[in-house]
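Below: the structure, in structure tokens.
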Amino acid sequence: MSQLLHYPSDWWIEEETREAIKQSSPSLKQFIADEAMNDPELNALNALIKEPAKEVFTIPLFTEPFCKLLLEKMQGMRFKPNDDEDAARQIPEVVFSEECPALHDSMMYVAKAVLNPIFMSLWGRTCHSGNVQVANYNPRKKAKGAWHHDASSDITVVIPLNTGYYTGGGTEFSGRGEIAPLPNGTALIFPSFTHMHRGLPVAEGDRYLLVFWLKGDHLG
């Protein structure tokens, strides 16, 4: 079953988001074709994207079956901290490019085919590369995160995989407020360097998050 994660398919992505991308693509392509000389048009993606905190955005992204299948695959992986980070900011994680390259390639396809239209609708920019991992907060090894910026990326996307199976959690943004755990598959999107943030404490259970750290291109 885990081989299904190596071949991106429509069932991965929430139908309303797929349809919004389809409807928005002509105006986004025209904006680029016009060399951004005209004002960008509001589109179906703009209507679907929510802003629960200043310049912090959410949109339904992955389906529940996808989240469940990915989480099942992660149970066979070894979560370990990134030794390049300081101890306060190390979170047990599985880095796809190191542990499962085929899955990394699949996720980067999603970043370019699905996330890029969202980024273009928000900021007039796209991503071209990045890292993808699953992070695990739990009271045994790492219940919460320290304040930090995702300095190695331009855009961060965080997707919960098992909301409802732990207590606590959520994300706090400095000066912008707290975001409670989102429904499974819902993407939390923000600019990485400008938004200092931290994971809020998990009191019980394991909180699993799919995280994209993406490098971007901008217009001009």
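A short reminder: the numbers here are calculations on the coordinates, not readings from a lab. Just so it is clear, the model here is predicted, and its values are computed rather than measured. Ideal geometry is used to build each Cβ from the backbone, glycine not excepted, and the neighbour counts take in all protein chains shown.
Within the listed set SER192, SER153, SER174, the residue fluctuating most in the Gaussian network model of the chain (springs between alpha-carbon atoms under 10 angstrom) is SER174.
Computed about its Cα centre, the charge dipole of the chain is approximately 520 debye, with only Lys, Arg, Asp and Glu carrying charge at their Cβ. The length gained on full extension between SER152 and SER25, counted as 0.36 nm times the residue separation minus their Cα-Cα distance, comes to 42.8 nm. Counted by Cβ distance under 14 Å from ASP10, the other residues give a net charge of -2, where Lys and Arg count +1 and Asp and Glu count -1. When you filter the GluC sites (Glu not before Pro) in segment 72-154 for DSSP loop state and at most 10 other Cβ atoms inside 10 Å of their Cβ, nothing is left. When the Gaussian network model of the chain links Cα atoms closer than 10 Å, the mean-square fluctuations of PRO65, PRO26, PRO181 top out at PRO26. Only helices at least 18 Å long along their own axis, judged from Cα atoms, and with Kyte-Doolittle mean hydropathy of -1.0 or greater: name those in the chain from DSSP H. Span-like helices, by this rule, are 15-33. With Cα atoms defining each centre, segment 106-151 and segment 8-38 are spaced 19 Å apart in the structure. Note on the chain: with a GNM built from Cα contacts shorter than 10 Å, the maximum mean-square fluctuation among CYS127, CYS100, CYS67 falls on CYS100. Ordering LEU209, ILE189, LEU42 by Cα displacement along the dipole of the chain toward the positive end leaves LEU209 in first place; charges were set at the Cβ atoms of Lys, Arg (+1) and Asp, Glu (-1).
Starting from the Cα of MET77, step 7 Å along the direction of its Cβ; do the same at ARG140; then give the gap between the two resulting points in nm. Simple spin-label model gives 1.8 nm for this pair.
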